[in-house]
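For reference, the structure discussed in these notes is given below.
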Amino acid sequence: MFGTGMGAMVGLLVAALLMVPVAFGVAARADAKVRRLSTSRASDPNLSGSDVDVDVDERCERWRQLATRAWLICGGASLVAVAVVGVLVCVG
C-alpha cells in the first residue's frame, strides 16, 4: 500500500514538471503575440477604421486571456510540484 501511494505521487510530480515548461512557453508566446499586435496597430497608420480596430482588439483580448490562463496553469503546476516534492521528502 505504501508503494502505490508513492508511485502516484511520483507520477503527479512528473506530470506537473512536464506541464510547467509547456505552460510557460504558451504564456510567453501569447504575451509576445499581444505585444506584437498592440505595437503593430499603434505604429501602422493604414490600419485605421472601426472594423480593423475591433478585430485587432478582439484578437488582443483572446491572446490576453490565453496568456492569463497559461500563466495560471504554469503557477499552479509549479505549486503542485513543490508540494509533491515536500511530501516526498517528508515521507521518504
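Since every read-out is calculated from the coordinates, none of them should be taken as a lab result. Keep in mind that this is a model prediction, so the values were computed, not measured. Counting neighbours? That spans all protein chains shown, and the Cβs are built from the backbone with ideal geometry, glycine included.
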Obtain the nm distance between the two label points defined at Arg59 and Leu72 by a simple spin-label model: each point lies 7 Å from its Cα along the Cα-to-C-beta direction. 2.5
Give the calculated FRET efficiency between Val87 and Ala32 to the nearest 0.05, with a Förster radius of 41 Å applied to their Cβ-Cβ distance. 0.70
